[in-house]
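Q: The structure is given below, and queries will be raised subsequently.
The values are calculated or read from the model by the stated rules, or taken from the named source; none is laboratory data. Being a predicted model, the structure only gives us computed values, none of them experimental. Glycine also receives a Cβ, built like all others from the backbone with ideal geometry; neighbour counts cover every protein chain displayed.
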Amino acid sequence: MTKGGKMDQTDIQSRYDLVIAGGGYVGLSLALAIKQASDLSILVVEPQPAEKMRRDERASAIASGATKMLGQLGVWEAILPHAEPIQDMVVTDSKLHDIVRPVLLTFEGNTDEGVPFAHMVPNGVMVGALYDAAKAAGVDLVEQDTVLDFVEEGPSVEVTLGSGRNLRAGLLVAADGVRSRLRDLAGIPVVRFDYDQMGIVTTVEHERPHEGRAVEHFLPSGPFAILPLKGNHSSLVWNERTDDAKRLLKMDDFTFSLELERRFGKQLGAVTEKGPRKGFPLGMVLARSFVSPRFALIGDAAHGIHPIAGQGLNLGFKDVAALAEVIVEAARLGQDIGALDVLERYQTWRRFDVVQMGMTCDILNRLFSNKSDILRHVRDLGLGIVERLPGLKRMFIEEAAGNSGDIPRLLRGEGL
């Protein structure tokens, strides 16, 4: 573990089968999945202290497939008491000053299996449960350190940590976020689009219960999502043009609350901001390759997409399930887990799904985040058609739940 931000030399070996750069939800779940199903030695390197990550007050929408994986990994039981199921979802499309916001599309919250298609989960609770389980499983965890550099050396990769420690591993996995420095060091180019939008994330308290309902208001500046949390609380994901978002983030609490109320509406009574107000730029970043010899990208390091469909973290969990399955199977067959032909199996499995979801979110954002009355009538007509076709609605729910396509075993709730 760590002492004063430095690696304790007595607690760590110099040779690992797998080193993971990034100890967030994606990095920790990958380490846990592989460790539980194999005897591979694993090191996770995380720049932040674990206690700071446990205090993260934000929340994320976790799809049904991901909850099955977390259940298989033995952590969902600890998360569930803090999770709020999404019972149903409504979609509206209006201008900011419209008095009436007609509901154009509704989704019941259960999948074909009769379970909620998603839960809202506090980030701090989730990362804490994964950290504790990974540590108990025998994963080596290093906090307040980074992977500074790496070089492929034939049958291994030489890894240099910021603390000065040099390691040798069979495979290095980058789970270091959308601005991945390791992706750049690997020389992997990206496709990048800037939407000139920012997402504002905060938590609010309201007078009346939300009854598990998620609401997506499509406004000309971008979607305004209200996502249910425990009690009379909701998480907001509020998209605005960059200049407007920066202005909103700097507002005093009273002025911000007025702007919030204009978008939130009166359906849940008086609304009060309770969580920290944070903003992040919105764009699309897709790595042109997810792998190179002895190196793989997962999660946001491989793909950053618009949050309009709430699938960013769930795509990362799909990466985890696919890469863990590929690595564990290769290890059982006595194959080199860092060999390019092994890693290509992971890339082939995941790349089409990621590109498809990225482009879908891109199209949806461009279709809905504009002031064109013509486009508004067209998209409202489209939403109305979907509302009248139960089979199509069911297909969308199963896709959002992560239950469609070539699903890895963990996402089906099966062991590796």
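Q: Within segment 16-41, restricting attention to residues that are under 15 Å from GLU329 (Cα atoms) and not small (Gly, Ala, Ser), which residue is surrounded by the fewest Cβ atoms within 10 Å (Cβ to Cβ)?
A: ASP39
Q: Report, by residue number, each residue of segment 188-231 that is small (Gly, Ala, Ser), assigned to a strand (DSSP E or B) and closer than 16 Å to ALA61 by Cβ.
A: GLY199, ALA214, ALA225
Q: Related question: From the list GLY114, GLY109, exactly one residue is surrounded by fewer than 17 Cβ atoms within 10 Å (Cβ to Cβ), of a type in the set (Gly, Ala, Ser), at pLDDT below 90 and within 30 Å of ARG388 (Cα to Cα). Which is it?
A: GLY114
Q: Filter segment 162-180 for residues that are farther than 22 Å from TYR25 by Cβ and assigned to a strand (DSSP E or B) and give the result.
A: ASN166, LEU167, ARG168, GLY170 - these are the residues of segment 162-180 that are farther than 22 Å from TYR25 by Cβ and assigned to a strand (DSSP E or B).
Q: I'm told TYR131 meets every condition in (1) outside any helix (DSSP H, G or I); (2) among the aromatic types (Phe, Trp, Tyr); (3) farther than 30 Å from LEU219 by Cα; (4) under 24 Å from the mean Cα position of the chain (by Cα) except one. Can you identify the failing condition by its number?
A: Looking at each condition in turn, TYR131 falls short on (1).
Q: Quick test of your reading of the structure: LEU268 fulfils all but one of (1) assigned to a loop (DSSP other than H, G, I, E, B); (2) farther than 23 Å from ARG58 by Cβ; (3) in contact (Cβ under 8 Å) with a residue 12 or more places away in the chain; (4) not β-branched (Val, Ile, Thr). Name the failing condition by number.
A: Unmet condition: (2).
Q: Evaluate segment 284-293: report whether one residue or more is without any contact (Cβ under 8 Å) to a residue 60 or more places away in the chain and not in a helix (DSSP H, G or I).
A: Among the residues of segment 284-293, at least one is without any contact (Cβ under 8 Å) to a residue 60 or more places away in the chain and not in a helix (DSSP H, G or I), which makes the answer yes.
Q: Go over the candidates THR160, THR146 one by one and state the one that is within 30 Å of ASP194 (Cβ to Cβ), surrounded by 15 or more Cβ atoms within 10 Å (Cβ to Cβ) and either over 23 Å from the mean Cα position of the chain (by Cα) or at pLDDT 95 or above (or both).
A: Among THR160, THR146, only THR146 is within 30 Å of ASP194 (Cβ to Cβ), surrounded by 15 or more Cβ atoms within 10 Å (Cβ to Cβ) and either over 23 Å from the mean Cα position of the chain (by Cα) or at pLDDT 95 or above (or both).
Q: OK, next. Scan segment 200-247 residue by residue and report those that are at positive phi and of a type in the set (D, E, K, R).
A: Correct list: GLU211 only.
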